[in-house]
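The values are calculated or read from the model by the stated rules, or taken from the named source; none is laboratory data. Because the structure is predicted, anything quoted here is derived from the model rather than measured. When we count neighbours, we look across all protein chains shown, and the Cβ atoms used for this are built from the backbone with ideal geometry, even at glycine.
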Amino acid sequence: MRFEPSACATDEPANTTPVTEENESFTENFPTDGENKNVEEQYADYSGAQVFSVKLKSSEHKRMFQQLEDRELIDVWLHKRSKKRSRAEFMVLRENMQEVLSLFYEADIQPKIVIPNMQRLIEKEKKAETLTNSTLRSGHGMNWNEYHRYSTIHSFLLHYANAYPDICTLKTIGKTVENRDIQMLKISSGGNENKTAIFIDGGMHAREWITPAAVTYIIKELVDNRAKYRSFVDDVDFHIVPLVNVDGYEYSHTRDRLWRKNRADLWGPCNGVDLNRNFGYKWGTSGSSFIGCSQIYRGSAGFSEPESKAIRDYIMESTANFQAYLSFHSYGQLILYPYGYANNELPSDADDLKRLGNAAASAVRKLSKTRYTVGNSAEVLYRSSGASDDWAKGEAGIKYSYVIELSDTGKYGFMLPERLIKPTAADALEIVKVVADEVMGLYEKKGLTMILEAKLNASKILEDDFRLVERRPRSESRGVASHWRPPPLSPGRSHPLVWPPGSCVVMRLA
Ligand SMILES: [Zn+2]
């Protein structure tokens, strides 16, 4: 199944022409300027498409479902597993409906309709967008009553960088395939550059519109109401990329509401790489596809895409002391921790990740009664290699790495109504608060002792920055040791201390 939009010129937002080889080339050659009015009229049509939910009770069921996915007869939106059975939500296009439903009935599975009329939902959302766009604009144009385009998100970031130059810095960390800027806003109240830092991103998957909305809301709150969050805003730096997949996001506004991948031109019938299968840690091992048309196409190599590369380069070149990496996705209400590339591959400090995840989930529940499930991503969902949180943990050595799947659990899925932006964003902020409170303690203020666990790939620490105080066996570090990533070595400062892998050292700030 292909999710390229049909491309017949029409004044009607809903056209019913199926994608054919004939009109495909026209689709591919169409200008990609998202702001172009003519482009907006060529909108992917989902007439007759429906979203279903099924329970898969046996391994036979699961195998059959996997085959449907492999054959691209269904677009899997959510696939969650519990102890005995798994639950999946997926969309079926009109042209595949008969085949898919008869295969389910043959297997004695009763799919339940979740979204009976996909196209109507898309049109309703577009109508709401036009209405609010014309009535609610003010200042930088951003609000959390509606979903916004990249240009508004850009003005919003620029506004904060200009209005609060003492704490906000805007930086372009890379360019997308279509040459748009990937922007990062750093919120820092200054102080030591080795201060604890958190990296946050959103909008890695284009159709997950709630994620850039939630992440920009987090920026607004941390800056506008920083007195309220003083307990951690003074002691933690935030490096925030609200929209990683800018091209895909624009494309989801102008051409295909359900676009997921980036806009890499693959020279074939299908475009786009799944950025969250393109990170170069255990890349391509399982739970990703080598087929270009697949929704989970991993790309030709780890970090083949400029968007994932931009995140990698920024984090690796930064001297920031990143202790948490939070990547916002939707949907499912899940707080997931590595590793996702294989079953039963847990980091040695998985208990810490689980504990903090649970703390965040209960804080959200107290705030809004929204229930988040916490767990290892391969366990709660399915295996997926090349995900950014696996890389952040396994390669960049960032202790608290999570993927957070925001609301909902399936009623609207990616089509979360605009009235739910604010409550969902408030839940996201609550998670950030709990994580920030935790990591603050991982780097004590000057003069206090910290205990670090040094791994072989993270064992070079500059004498200039730290003084070795004491060395302890690893067994004694349980409960207090924290994984810490040293600042990268810079030329001219060549006196690193090196420890054997797994040794634990007690450090004091120089
Ligand atoms: Zn996602």
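Considering only residues in segment 388-406 that are closer than 20 Å to residue 432 by Cβ and of a type in the set (Gly, Ala, Ser), the one that is farthest from the ligand (Cβ to nearest atom) turns out to be 396.
Residue count for segment 210-241 under the criterion of being more than 16 Å from residue 185 (Cα to Cα) and not acidic (Asp, Glu): the result is 8. Does residue 324 satisfy being more than 16 Å from the ligand (Cβ to nearest atom), touching a residue at least 60 places away in the same chain (Cβ under 8 Å) and part of a loop (DSSP other than H, G, I, E, B)? No. The conditions of being in the same structural domain as residue 405 (by TED's automatic domain parsing), at pLDDT below 95, closer than 26 Å to residue 430 by Cβ and polar (S, T, N, Q) are not met by residue 343. Working only within segment 251-307, note down all residues that are within 16 Å of the ligand (Cβ to nearest atom), within 17 Å of residue 385 (Cα to Cα) and aliphatic (A, V, I, L, M). Listed by number, the residues that qualify are 273, 275, 296.
Matching residues to (1) at pLDDT 75 or above; (2) exposed (fewer than 13 other Cβ atoms within 10 Å of the Cβ):
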residue: 12; (1), (2): no, yes
residue: 29; (1), (2): no, yes
residue: 46; (1), (2): yes, no
residue: 67; (1), (2): yes, yes
residue: 75; (1), (2): yes, no
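Taking segment 304-334 as the range and being crowded, with 23+ Cβ neighbours inside 10 Å and among the polar types (S, T, N, Q) as the test, the residues that pass are 308, 323, 327, 330. Take residue 261 and tell me if it is within 24 Å of residue 125 (Cβ to Cβ) and in a loop (DSSP other than H, G, I, E, B). Spelling it out, residue 261 is indeed within 24 Å of residue 125 (Cβ to Cβ) and in a loop (DSSP other than H, G, I, E, B). So for segment 191-200 (the condition being within 15 Å of the ligand (Cβ to nearest atom) and out of contact with any Phe, Trp or Tyr (no Cβ under 6 Å at 6 or more places or on another chain)), does at least one residue qualify? So far as segment 191-200 goes, yes, one or more of its residues are within 15 Å of the ligand (Cβ to nearest atom) and out of contact with any Phe, Trp or Tyr (no Cβ under 6 Å at 6 or more places or on another chain). Quick check on segment 227-236. Is at least one of its residues away from the ligand (no atom under 16 Å from the Cβ) and modelled with pLDDT of 95 or more? No, segment 227-236 contains no residue that is away from the ligand (no atom under 16 Å from the Cβ) and modelled with pLDDT of 95 or more.
Evaluated against (1) within 14 Å of the ligand (Cβ to nearest atom); (2) under 16 Å from the mean Cα position of the chain (by Cα), residue 217 falls short on exactly one condition, (1).
Give the number of residues within segment 336-356 that are within 14 Å of the ligand (Cβ to nearest atom) and of a type in the set (A, V, I, L, M, F, W, C).
Start the filter on segment 336-356 by keeping residues that are within 14 Å of the ligand (Cβ to nearest atom), which leaves 336, 340.
Now narrow it down to the ones that are of a type in the set (A, V, I, L, M, F, W, C): 336.
Result for segment 336-356: 1.
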